[in-house]
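The structure appears right after this line, and notes come after that.
The values are calculated or read from the model by the stated rules, or taken from the named source; none is laboratory data. All of these numbers come straight from a predicted model, not from anything done at the bench. A quick note on method: Cβ atoms are made from the backbone with ideal geometry, for glycine too, and the neighbour counts reach across all protein chains shown.
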């Protein structure tokens, strides 16, 4: 990437950092981002998503993710692998379930989920969608805003639920990582959100008027939420 483009993206991330974990919308809109970078160099799809989600480490996988909804929504489907750099969009196409579905608290599942860092985002997009986004800035804006709206809606819902359980929604937001699969029209087809595993201790600052958080991973259950588990949670 051109060094000037990289510098601009860093500036965009810095300007948006105040809204990173609170669910507040970014201060710069997609048209502003796109107009600022045009003329500096061609942005990739990954660059565009990174600019819109400055609080997240975005990893875009372009290709044919041929995984059925039923398979994706199994608790043991290893969608956590998509966060890895060496795993492509089609790497898990041949995965098949064996045996009864686990609960999610099994040691081997927890071990894999805890490998996912805080604030990660893996976006899986079909090759045709990526090409259309690269050829049409208005269309790229539409798709990027779709994903941004999905994340905002999900976080609003999930953070309210976290608060109802007595958890700090700001801290809970910091613990989240997202694996999102888009369809040919750029809609969210499947997702898996990892959260939890963050310990917090509050301590007063010297002036006694505010508090700071110290986060360290703790050995508790990490959740992996998808469409099916979210629906179950809200029925109960």
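Scanning region 53-77 for residues that are in a helix (DSSP H, G or I) and touching a strand residue (DSSP E or B) at 6+ places or on another chain (Cβ under 9 Å) turns up 69, 72.
Is it the case, given these coordinates, that residue 109 is surrounded by fewer than 17 Cβ atoms within 10 Å (Cβ to Cβ), touching a residue at least 24 places away in the same chain (Cβ under 8 Å) and within 16 Å of residue 196 (Cα to Cα)? In short, no. Against the list (1) closer than 21 Å to residue 174 by Cα; (2) touching a strand residue (DSSP E or B) at 6+ places or on another chain (Cβ under 8 Å); (3) assigned to a helix (DSSP H, G or I); (4) at pLDDT 95 or above, the condition residue 50 fails is (4).
Checking each residue in region 139-185 for being touching a residue at least 60 places away in the same chain (Cβ under 8 Å) and not in a helix (DSSP H, G or I) picks out 177, 178, 179, 181.
For residue 88, indicate whether it is under 18 Å from the mean Cα position of the chain (by Cα), part of a loop (DSSP other than H, G, I, E, B), more than 26 Å from residue 221 (Cβ to Cβ) and without any contact (Cβ under 8 Å) to a residue 60 or more places away in the chain.
On the way: under 18 Å from the mean Cα position of the chain (by Cα): yes; part of a loop (DSSP other than H, G, I, E, B): yes; more than 26 Å from residue 221 (Cβ to Cβ): yes; without any contact (Cβ under 8 Å) to a residue 60 or more places away in the chain: yes.
It is true that residue 88 is under 18 Å from the mean Cα position of the chain (by Cα), part of a loop (DSSP other than H, G, I, E, B), more than 26 Å from residue 221 (Cβ to Cβ) and without any contact (Cβ under 8 Å) to a residue 60 or more places away in the chain.
Mind listing just one residue for me: the one in region 78-106 that is in contact with a strand residue (DSSP E or B) (Cβ under 6 Å, 6 or more places away or on another chain), at pLDDT 95 or above and more than 20 Å from residue 133 (Cβ to Cβ) and, of those, surrounded by the fewest Cβ atoms within 10 Å (Cβ to Cβ)? Restricting to residues being in contact with a strand residue (DSSP E or B) (Cβ under 6 Å, 6 or more places away or on another chain), at pLDDT 95 or above and more than 20 Å from residue 133 (Cβ to Cβ), the top hit is 83. So for region 127-137 (the condition being touching a helix residue (DSSP H, G or I) at 6+ places or on another chain (Cβ under 7 Å), in contact (Cβ under 8 Å) with a residue 60 or more places away in the chain, farther than 21 Å from residue 74 by Cα and in a loop (DSSP other than H, G, I, E, B)), does at least one residue qualify? So far as region 127-137 goes, no, none of its residues is touching a helix residue (DSSP H, G or I) at 6+ places or on another chain (Cβ under 7 Å), in contact (Cβ under 8 Å) with a residue 60 or more places away in the chain, farther than 21 Å from residue 74 by Cα and in a loop (DSSP other than H, G, I, E, B). In the condition set (1) crowded, with 17+ Cβ neighbours inside 10 Å; (2) assigned to a loop (DSSP other than H, G, I, E, B); (3) at pLDDT below 95, residue 40 is compliant with all but (1). Restricting 209, 220 to those that are more than 13 Å from the chain's Cα centre (by Cα), at pLDDT below 90 and outside any loop (DSSP other than H, G, I, E, B) reduces the list to 220.
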